[in-house]
Every structure is written in C-alpha cells, then in structure tokens.
Amino acid sequence: QVQLVESGGGLVQPGGSLRLSCAASGIIFSNYAMGWYRQAPGKERELVAGITSGGIINYAGSVKGRFTISRDNAKNTVSLQMISLKPEDTAVYYCKLWTTGIVYWGRGTQVTVSS
C-alpha cells in the first residue's frame with residue numbers, strides 16, 4: 001500500500017522559514033515525479049514545485065527564489081525548503097507522487113504565516 005506522509009508544517013512569522021518533508025512508502029520512489037501543491041481556504045489546489053524522476057524542477061512563479069524542492073531517492077523523501085514566507089503562503093501543503101496514469105496524494109500539512 002502506497003503512503004505519503006507530510007511533516008514540518010506549523011505557524012511561522014512573516015519572513016520566517018519552514019522545511020516540509022514527505023516520506024513515501026510502498027513504492028519504487030525513484031520512478032516517479034514528486035511535487036508539492038497547496039490549497040488555501042476558498043481557493044483551488046495549485047502546484048508549488050515539482051521534480052521529475054530525472055531531477056528536472058519547476059516552480060510556481062509566486063515562490064520562485066524563495067522555495068527549494070529536493071528529493072532523496074535513497075531515503076524515499078521529497079522536501080520543500082521555504083524561506084521569506086509571506087501571509088499569502090498560508091495553506092495546506094500536499095505531497096503528490098505521480099507517473100502516467102498513477103497519482104498518489106498525502107493528507108497534507110498546514111502552514112500558517114502570521115504575526
């Protein structure tokens with residue numbers, strides 16, 4: 001059974017940093033693209049950052065230069081380092097794993113940026 005478990009969310013002040021991690025189990029992790037999505041109240045879920053099995057990375061324009069995605073195939077993890085956080089980054093952040101015809105989601109972790 002495939003499981004994705006996110007961790008690292010929390011409350012942080014504007015300008016602060018957080019590091020999210022997603023641990024995958026039950027799957028050959030290195031064969032899949034990984035990504036982080038987020039959903040704020042009343043908004044659609046949106047891509048934050050993605051990394052392919054070959055290491056190609058893309059970011060949403062709103063986070064470029066502030067967020068960094070990375071993956072460790074030996075540990076079956078994907079991480080999102082977030083700096084210079086803004087109130088508009090507040091959302092539930094979800095880990096996604098996918099390949100053609102297959103998609104898995106984690107349950108999400110809350111990130112709140114507020115003073």
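What separates the Cα centres of region 1-15 and region 34-111 is a distance of 10 Å.
With a simple spin-label model that places each label point 7 Å from the Cα along the Cα-to-Cβ direction, the separation between Thr112 and Lys75 comes to 2.8 nm. Taking only protein heavy atoms and a 1.4 Å probe, the accessible area of the chain is 49% carbon and sulfur. Highest mean first, the peptides 51-61, 90-100, 8-18 sorted by other C-beta atoms within 10 Å per residue fall in the order 90-100, 8-18, 51-61. Taking 18 Å as the straight-line reach from the Cα of Lys86, the lysines in range (excluding those fewer than 8 positions away in the same chain) are Lys43, Lys64.
Only the Cβ atoms of Lys and Arg (+1) and of Asp and Glu (-1) were treated as charged; on that basis the dipole of the chain about its Cα centre amounts to roughly 60 debye. Among the GluC sites (Glu not before Pro) found in region 1-92, those both in a DSSP coil and sparsely packed, with 10 or fewer other Cβ atoms within 10 Å of their Cβ, are Glu44. Distance between the pseudo-spin-label points of Arg45 and Ile102 (7 Å out from Cα toward the beta carbon): 1.8 nm.
Note that region 46-109 presents 51 Å² accessible area per residue, ligands and nucleic acids not counted, probe 1.4 Å.
The values are calculated or read from the model by the stated rules, or taken from the named source; none is laboratory data. Please read all numbers here as calculations on a predicted model, not as lab measurements. When we count neighbours, we look across all protein chains shown, and the Cβ atoms used for this are built from the backbone with ideal geometry, even at glycine. Side chains included, ligands, DNA and RNA excluded: accessible areas come from the protein's heavy atoms. Shrake-Rupley method; radii C 1.70, N 1.55, O 1.52, S 1.80 Å.
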